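Q: Structure incoming, see below.
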């Protein structure tokens with residue numbers, strides 16, 4: 001009897017356990033191949049690789065929890081980063097609220113298209129991502145820009161306790177996301193809509209408003225990630241973060257938030273982000289080519305999905 | 001007439017779930033040739049578990065399986081069960097609406113009718129046609145499943161079960177068992193009669209196990225009845241020898257006396273003067289026309305009529321699930337426009353409860369979350385929009401006690417509850433919320449008498465405290481138990497309005 005209880009419990013936490021084991025396995029593999037992986041310098045690289053990513057992934061998790069997709073996250077991140085670099089000399093630090101406002105606005109349109117006009121979310125956000133991409137290209141004309149404003153850069157690269165400040169931004173956003181998901185009615189409503197939208201509506205959840213809010217939140221966090229990304233790198237062009245979209249989705253799924261919606265949550269996403277970004281950073285430290293990296297990401301994402309899906313309760317998957 | 005050796009006999013079957021809930025405790029049943037065996041009991045009594053063991057969904061923890069006197073192991077999956085002569089027709093609709101009748105009949109057995117990847121369609125059609133004729137099912141093999149009435153669909157489902165037995169188990173062997181899990185739940189009164197006449201004819205071809213909550217059906221159409229309570233076999237009646245009334249059966253199932261009748265005398269009381277809901281010339285083209293009524297505080301109005309009379313559409317319109325084309329709907333003096341969503345109606349005080357729990361509950365959520373989603377206001381740390389988990393737990397425990405919901409804890413997954421407990425949970429959260437107007441659609445569909453009583457009690461308690469209600473149901477008895485006023489609908493129009501007493505007389509005669 002005791003054994004069966006433990007077994008039941010472990011099944012529920014299967015996703016978490018698998019992620020932890022995978023993360024430990026990957027970290028130790030890299031540490032063995034490359035002894036400087038976890039050295040102070042290595043740690044800083046790892047933290048730089050994961051922090052902005054974590055912020056964007058938290059926003060995306062909220063949308064995926066709700067059973068929807070947001071393909072515009074990466075484009076909005078780029079747009080926000082470019083707005084910062086392009087206008088910082090004209091309006092100073094006001095670029096930050098400007099970038100956040102623009103991205104939240106894009107999120108609002110995403111939500112409106114999906115929730116009000118019933119455009120499937122992957123189509124709406126894919127469309128809006130092209131709009132954002134086009135706008136970014138129009139504004140930047142494809143050139144590379146550098147930032148000289150020290151205050152702006154200090155947002156991400158001030159060192160506290162041996163680690164850059166962007167790391168604390170990431171952790172903070174992560175913690176707030178967890179709080180929102182578990183302790184607020186908004187978070188509860190996201191899970192409700194992901195689990196059973198009809199029932200949610202009958203229980204008094206404003207499905208349209210909640211959906212729009214979730215997309216706005218995702219847009220806002222993509223913008224915040226973009227601002228901090230620019231502060232971290234100090235420059236960039238439209239080319240930056242080109243193939244980040246797949247790793248981003250992979251990190252959410254690898255953490256254990258099902259694309260079907262209603263399960264998982266931002267608490268899971270941290271592990272997924274560590275898994276994905278540290279693998280990426282580790283492979284880059286070993287000077288592995290982009291081609292092999294892509295294949296490995298895809299395999300991790302699919303593999304984690306296979307390992308973490310609870311096939312007993314999952315019905316037919318489409 | 002009866003063979004002395006049963007086709008299938010289960011001995012001392014026990015099953016425990018999750019180390020806590022004992023679903024079956026040493027239950028033995030036997031099924032003989034050409035008979036209909038009833039299995040009754042409250043939800044959670046272990047009926048479904050027993051049926052699932054028979055159908056090979058999962059094996060029991062202990063027990064023995066005899067097939068015509070021979071001891072065999074338990075079937076490990078439904079296919080193995082079919083190969084041993086047991087097929088099941090589930091309560092939830094298993095039909096595929098987009099298939100034609102003959103395609104659906106052979107679904108899953110195409111391998112028996114194919115050569116080199118090509119289906120032998122003509123032979124399939126011929127066989128299907130013969131089956132429809134043999135069982136006198138009134139439809140054509142080229143009909144699509146969605147074109148058929150619910151009762152015909154159910155008959156086709158049963159025919160499909162028999163066909164699968166014939167294909168996988170042996171064509172002439174009548175030593176087989178078809179399990180019918182609440183076959184009449186989605187059907188109207190007339191359709192139910194049809195279905196049973198059909199089942200009685202089919203007895204020649206196979207034996208049936210009938211799981212049902214509707215007692216007169218069980219008494220009228222089965223040969224023997226097994227009664228389960230709390231996982232134990234508490235009674236076994238041979239209906240050709242024992243004289244059993246509905247009340248006897250009720251007592252055996254619940255273990256206490258019948259009290260439903262008591263409620264009926266309460267109708268008409270505590271109805272206030274304040275009008276809380278007004279419908280004026282409400283029209284939805286194709287569904288209902290010119291429906292007008294006024295609902296007072298503490299009053300329960302029933303909308304009665306056959307399926308297709310528009311009653312279900314009216315209640316869904318009030319809930320905000322459907323739009324209306326013409327007319328006025330007002331909640332507490334405030335106009336409620338067509339196209340308002342359910343959550344807006346809820347803020348105005350209109351709650352909607354439906355007995356089909358899959359539309360109401362979040363199955364992958366715990367009991368706690370399912371209750372609190374409707375009562376979010378009560379569990380917040382005001383003025384912050386932050387959930388107080390302690391209050392949440394207290395509210396849940398209160399409702400679980402009140403409704404005697406049997407679960408190990410407030411964090412048990414809703415999915416693992418039995419049908420009756422799910423329904424009680426679903427009513428319970430509205431009980432806590434207390435909307436001004438509660439819409440009830442088929443509130444006790446598919447649940448047992450014990451749970452039904454609990455739900456009636458809770459509903460009447462709310463009504464006495466001033467909650468107004470609108471009821472739509474398939475069970476005339478429910479109207480006379482709960483309603484003060486009944487609106488008769490016929491093909492989308494109001495035919496007459498009766499009070500509770502007049503309704504009783506109208507239904508009896």
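Q: Go through the residues of the range B:493-505 one by one and say whether even a single one is at pLDDT below 90 and within 23 Å of the chain's Cα centre (by Cα).
A: No: the range B:493-505 contains no residue that is at pLDDT below 90 and within 23 Å of the chain's Cα centre (by Cα).
Q: Considering every residue within the range A:28-35, establish whether at least one is part of a helix (DSSP H, G or I), at pLDDT 90 or above and more than 17 Å from residue A:214 (Cα to Cα). If you could, list the steps in order and put the result at the bottom.
A: Restricting attention to the range A:28-35, the residues satisfying the condition of being part of a helix (DSSP H, G or I) are A:28-33.
When the remaining residues are screened for being at pLDDT 90 or above, the result is none.
No, every residue in the range A:28-35 fails to be part of a helix (DSSP H, G or I), at pLDDT 90 or above and more than 17 Å from residue A:214 (Cα to Cα).
Q: Next up: Determine, yes or no, whether residue A:180 is within 14 Å of chain B (Cβ to nearest Cβ), within 25 Å of residue A:44 (Cα to Cα) and assigned to a helix (DSSP H, G or I).
A: In short, no.
Q: So for the range A:161-176 (the condition being within 14 Å of chain B (Cβ to nearest Cβ) and either more than 25 Å from residue A:61 (Cα to Cα) or under 21 Å from the mean Cα position of the chain (by Cα) (or both)), does at least one residue qualify?
A: Keep residues of the range A:161-176 that are within 14 Å of chain B (Cβ to nearest Cβ), which gives A:176.
The next check asks that each one be either more than 25 Å from residue A:61 (Cα to Cα) or under 21 Å from the mean Cα position of the chain (by Cα) (or both); those that pass are A:176.
Checked against the condition, which is being within 14 Å of chain B (Cβ to nearest Cβ) and either more than 25 Å from residue A:61 (Cα to Cα) or under 21 Å from the mean Cα position of the chain (by Cα) (or both), the range A:161-176 yields at least one hit.
Q: Taking residue B:350 as the residue in question, decide whether it is buried (at least 19 other Cβ atoms within 10 Å of the Cβ), away from chain A (no Cβ under 14 Å), modelled with pLDDT of 90 or more and in contact with a helix residue (DSSP H, G or I) (Cβ under 8 Å, 6 or more places away or on another chain).
A: Details: buried (at least 19 other Cβ atoms within 10 Å of the Cβ): yes; away from chain A (no Cβ under 14 Å): no; modelled with pLDDT of 90 or more: yes; in contact with a helix residue (DSSP H, G or I) (Cβ under 8 Å, 6 or more places away or on another chain): yes.
Considered against the rule, which asks whether it is buried (at least 19 other Cβ atoms within 10 Å of the Cβ), away from chain A (no Cβ under 14 Å), modelled with pLDDT of 90 or more and in contact with a helix residue (DSSP H, G or I) (Cβ under 8 Å, 6 or more places away or on another chain), residue B:350 comes out as no.
Q: Select from the range B:272-282 the residues that are outside any loop (DSSP other than H, G, I, E, B) and surrounded by fewer than 18 Cβ atoms within 10 Å (Cβ to Cβ) and list them in ascending order.
A: Within the range B:272-282, B:275, B:280, B:281 qualify.
Q: Restricting attention to the range A:132-160, which residues are without any contact (Cβ under 8 Å) to a residue 24 or more places away in the chain and in contact with a strand residue (DSSP E or B) (Cβ under 9 Å, 6 or more places away or on another chain)?
A: Once the filter is applied, which keeps residues that are without any contact (Cβ under 8 Å) to a residue 24 or more places away in the chain and in contact with a strand residue (DSSP E or B) (Cβ under 9 Å, 6 or more places away or on another chain), the range A:132-160 yields only A:158.
Q: Just to confirm my filter: which helices (runs of 4 or more DSSP H) fall fully inside the range A:187-271 and include at least 3 residues that are within 14 Å of another protein chain (Cβ to nearest Cβ)? Break it down stepwise before answering.
A: Numbers: elements: A:197-202, A:207-233, A:245-255.
It comes to A:197-202, A:207-233.
Q: With respect to residue B:364, determine if the residue is crowded, with 22+ Cβ neighbours inside 10 Å and touching a helix residue (DSSP H, G or I) at 6+ places or on another chain (Cβ under 8 Å).
A: When the stated conditions are applied, residue B:364 does not pass them.
Q: Taking the condition away from chain A (no Cβ under 14 Å) and either under 17 Å from residue A:192 (Cα atoms) or in contact with a strand residue (DSSP E or B) (Cβ under 8 Å, 6 or more places away or on another chain) (or both), does residue B:326 pass?
A: yes
Each row is one residue, and each column tells you yes or no for (1) closer than 19 Å to residue B:177 by Cα; (2) surrounded by fewer than 13 Cβ atoms within 10 Å (Cβ to Cβ).
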{"residue": "B:90", "(1), (2)": "yes, no"}
{"residue": "B:94", "(1), (2)": "yes, no"}
{"residue": "B:102", "(1), (2)": "no, no"}
{"residue": "B:111", "(1), (2)": "no, yes"}
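Q: For the range A:81-125, give me the residue count where each residue is over 17 Å from residue A:63 (Cβ atoms) and buried (at least 20 other Cβ atoms within 10 Å of the Cβ).
A: Counting residues in the range A:81-125 that are over 17 Å from residue A:63 (Cβ atoms) and buried (at least 20 other Cβ atoms within 10 Å of the Cβ) gives 10.
Q: From the list B:321, B:315, exactly one residue is at pLDDT 90 or above, part of a loop (DSSP other than H, G, I, E, B) and within 14 Å of another protein chain (Cβ to nearest Cβ). Which is it?
A: Values: B:315 fails: part of a loop (DSSP other than H, G, I, E, B).
Within the list B:321, B:315, the selection yields B:321.
Q: Tell me whether the range B:287-294 contains one or more residues that are at pLDDT below 90, more than 13 Å from chain A (Cβ to nearest Cβ) and touching a helix residue (DSSP H, G or I) at 6+ places or on another chain (Cβ under 8 Å). Full working, then the answer.
A: Just the residues of the range B:287-294 that are at pLDDT below 90, to begin with: B:287.
Imposing the further condition that a residue be more than 13 Å from chain A (Cβ to nearest Cβ) reduces the set to B:287.
Add one more test, that the residue is touching a helix residue (DSSP H, G or I) at 6+ places or on another chain (Cβ under 8 Å), and what stays is B:287.
Yes: one or more hits.
Q: Also, quick follow-up: Pick from A:281, A:287, A:298: which is modelled with pLDDT of 80 or more and surrounded by fewer than 15 Cβ atoms within 10 Å (Cβ to Cβ)?
A: Within the list A:281, A:287, A:298, the selection yields A:287.
Q: How many residues does the range B:207-226 hold that are within 16 Å of residue B:251 (Cβ to Cβ) and at pLDDT 90 or above? Explain how you work it out, then say what you get.
A: Residues of the range B:207-226 within 16 Å of residue B:251 (Cβ to Cβ): B:213, B:215-216, B:218-219, B:225-226.
Narrowing further to those that are at pLDDT 90 or above: B:225-226.
Total satisfying the criteria: 2.
Q: Taking the range B:451-469 as the search range and keeping residues that are crowded, with 23+ Cβ neighbours inside 10 Å and outside any helix (DSSP H, G or I), which one is farthest from the other protein chains (Cβ to nearest Cβ)?
A: Once the filter is applied, the top-ranked residue is B:468.
Q: Looking at B:436, B:448, can you tell me which residue is surrounded by 24 or more Cβ atoms within 10 Å (Cβ to Cβ) and either farther than 28 Å from residue A:180 by Cα or touching a strand residue (DSSP E or B) at 6+ places or on another chain (Cβ under 6 Å) (or both)?
A: Just a single option satisfies the conditions, and that option is B:448.
Q: Residue B:153 passes all but one of (1) touching a helix residue (DSSP H, G or I) at 6+ places or on another chain (Cβ under 7 Å); (2) surrounded by 21 or more Cβ atoms within 10 Å (Cβ to Cβ); (3) not in a helix (DSSP H, G or I); which number fails?
A: Unmet for residue B:153, out of (1) touching a helix residue (DSSP H, G or I) at 6+ places or on another chain (Cβ under 7 Å); (2) surrounded by 21 or more Cβ atoms within 10 Å (Cβ to Cβ); (3) not in a helix (DSSP H, G or I): (3).
Q: Same structure again: Of everything in the range B:381-390 that's modelled with pLDDT of 90 or more and at the interface with chain A (Cβ under 7 Å from one of its Cβ atoms), which residue is surrounded by the most Cβ atoms within 10 Å (Cβ to Cβ)?
A: Ranking the candidates gives B:387 first.
Q: I'd like the full set of residues that are more than 14 Å from chain A (Cβ to nearest Cβ), modelled with pLDDT under 85 and touching a helix residue (DSSP H, G or I) at 6+ places or on another chain (Cβ under 8 Å), limited to the range B:2-49.
A: B:41, B:42, B:43, B:44, B:45, B:48
Q: Only helices (runs of 4 or more DSSP H) wholly contained in the range A:62-158 count here; list those with 1 or more residues that are under 30 Å from residue A:209 (Cα atoms).
A: In the range A:62-158, A:73-91, A:95-111, A:121-140 are the helices (runs of 4 or more DSSP H) which contain 1 or more residues that are under 30 Å from residue A:209 (Cα atoms).
Q: Also, quick follow-up: Among the residues in the range A:125-132, are any within 14 Å of chain B (Cβ to nearest Cβ) and closer than 17 Å to residue A:220 by Cβ?
A: Scanning the range A:125-132, I find no residue that is within 14 Å of chain B (Cβ to nearest Cβ) and closer than 17 Å to residue A:220 by Cβ, so the answer is no.
Q: Of all residues in the range B:283-303, which are surrounded by fewer than 18 Cβ atoms within 10 Å (Cβ to Cβ) and on the phi > 0 side of the Ramachandran plot?
A: Matches in the range B:283-303: B:286, B:290.
The values are calculated or read from the model by the stated rules, or taken from the named source; none is laboratory data. In this text the structure is predicted, and so the values were computed from the model without any measurement. Using ideal geometry, Cβ is built from the backbone for each residue, glycine included, and neighbour counts are taken over all protein chains shown.
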